[in-house]
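Since the structure comes first, as structure tokens, the remarks are kept for the end.
The values are calculated or read from the model by the stated rules, or taken from the named source; none is laboratory data. Bear in mind the structure is a predicted one, so any value in this text is a computation, not a measurement. For neighbour counting, all protein chains shown are included, and Cβ atoms are generated from backbone atoms with ideal geometry for every residue, glycine included.
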Amino acid sequence: MTDYQLVTFNKDVEDQFFKFCKEASLQDDPAAVNMWADDWQNQPHTLPYILINGNRYSKPNGEFFILMHFSEIIGCGGIYLSGFDPTFALAGCRTWMHRDHRNRSLPREILLPAHKQWAKDRNARAVGITFNDYNKNLISTWKRTRLGEERLPRQPYHLFYDNFNEVEFPVIIQYTKQWVIYETLDSTFNFDWDSIKCK
């Protein structure tokens with residue numbers, strides 16, 4: 001995977017990345033609406049608005065990674081320390097892959113390992129991924145056993161290498177109903193998920 005590199009969102013890549021976001025918004029995907037709006041400065045749900053006006057992905061509490069294939073932007077995804085527990089890192093946020101680079105395991109092999117390392121470097125006790133109702137079915141791709149499917153072997157750098165935990169009910173994160181899977185990085189992690197349970 002030496003043809004790929006990760007960079008952090010910054011002014012040097014802003015124009016190129018916003019073009020990527022605009023192209024992504026044209027895809028037939030429920031999350032595409034969050035990638036771009038021509039008046040994104042007035043649309044708090046869009047990724048450009050969050051990156052420019054918010055601090056969710058600002059250091060030291062978060063970081064937004066852009067995946068490059070040579071000089072082309074092909075994907076992205078962010079991580080940040082959650083508001084409900086500052087020792088819990090939310091990974092894979094706003095992850096998007098260019099359609100020509102999907103099904104190559106790039107989030108699994110590059111983006112999410114970088115997120116896991118980011119969480120470790122900040123002494124997070126757990127790192128997780130959230131899903132909306134429309135993509136909750138993706139949780140099954142992270143489970144170790146799926147009937148009739150062959151699994152790719154996991155390595156220590158992969159997310160969920162050591163353990164896989166699933167919150168059995170939806171919770172509210174960023175004012176949105178979410179389903180959560182996570183890996184503990186420290187055995188002392190013991191968050192009360194009922195405290196943010198979706199009513």
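Just so you know, in segment 100-124 the residues that are surrounded by fewer than 13 Cβ atoms within 10 Å (Cβ to Cβ) and in contact (Cβ under 8 Å) with a residue 12 or more places away in the chain include one that is nearest to Y80 (Cα to Cα), and it is N123.
Please state which one of V167, V127 is touching a Lys or Arg at 6+ places or on another chain (Cβ under 6 Å) and surrounded by 13 or more Cβ atoms within 10 Å (Cβ to Cβ). Lay out the reasoning, then the answer.
Numbers: V167 fails: touching a Lys or Arg at 6+ places or on another chain (Cβ under 6 Å).
On inspection, the qualifying residue turns out to be V127.
Here's the yes/no breakdown for (1) basic (K, R); (2) assigned to a helix (DSSP H, G or I):
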residue	(1), (2)
G92	no, no
L111	no, yes
N123	no, no
I129	no, no
L138	no, yes
L159	no, no
K177	yes, no
T188	no, no
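Considering segment 149-164, the residues that are surrounded by 11 or more Cβ atoms within 10 Å (Cβ to Cβ) and closer than 20 Å to L106 by Cβ include one that is modelled with the lowest pLDDT, namely R154. In this structure, L47 qualifies as over 25 Å from Y157 (Cα atoms) and in contact with a strand residue (DSSP E or B) (Cβ under 6 Å, 6 or more places away or on another chain).
Within segment 58-91, the set of residues being closer than 15 Å to I173 by Cβ and of a type in the set (F, W, Y) comprises Y80, F84, F88.
For segment 136-148, indicate whether the set of residues that are over 30 Å from F17 (Cβ atoms), modelled with pLDDT of 95 or more and surrounded by fewer than 12 Cβ atoms within 10 Å (Cβ to Cβ) is non-empty.
Taking segment 136-148 as the starting set, the residues that turn out to be over 30 Å from F17 (Cβ atoms) are 140, 143-148.
Imposing the further condition that a residue be modelled with pLDDT of 95 or more reduces the set to none.
Checking segment 136-148: not a single residue is over 30 Å from F17 (Cβ atoms), modelled with pLDDT of 95 or more and surrounded by fewer than 12 Cβ atoms within 10 Å (Cβ to Cβ).
A quick yes/no check of all residues on (1) closer than 28 Å to D28 by Cβ; (2) in contact with a Lys or Arg (Cβ under 8 Å, 6 or more places away or on another chain):
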{"position": "H115", "(1), (2)": "yes, no"}
{"position": "D121", "(1), (2)": "no, no"}
{"position": "N137", "(1), (2)": "yes, no"}
{"position": "S140", "(1), (2)": "yes, yes"}
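Being exposed (fewer than 13 other Cβ atoms within 10 Å of the Cβ), aliphatic (A, V, I, L, M), over 25 Å from K120 (Cβ atoms) and at pLDDT 95 or above is a property that L47 lacks. Applying a threshold of 8 Å to beta carbon distances and a minimum spacing of six or more residues, or different chains, the list of pairs starting in segment 24-52 at a residue that is touching a residue at least 24 places away in the same chain (Cβ under 8 Å) and ending at one that is part of a loop (DSSP other than H, G, I, E, B) and of a type in the set (S, T, Y) reads N34/T46; M35/S25; M35/T46; I50/Y57; L51/Y57.
Only one of the numbered conditions (1) surrounded by fewer than 16 Cβ atoms within 10 Å (Cβ to Cβ); (2) in contact (Cβ under 8 Å) with a residue 60 or more places away in the chain is not met by I66, and that is (1). Can you tell me which of (1) touching a residue at least 24 places away in the same chain (Cβ under 8 Å); (2) touching a His at 6+ places or on another chain (Cβ under 9 Å); (3) not small (G, A, S) is the one F17 doesn't meet? Here F17 meets the rest and fails (2). Somewhere in segment 180-199, is a residue surrounded by fewer than 18 Cβ atoms within 10 Å (Cβ to Cβ), more than 28 Å from P44 (Cβ to Cβ) and touching a helix residue (DSSP H, G or I) at 6+ places or on another chain (Cβ under 6 Å)? No, segment 180-199 has no match at all. Among the residues of segment 20-50, write down those that are within 23 Å of D100 (Cα to Cα), β-branched (V, I, T) and part of a helix (DSSP H, G or I). V33 - this is the single residue of segment 20-50 that is within 23 Å of D100 (Cα to Cα), β-branched (V, I, T) and part of a helix (DSSP H, G or I).
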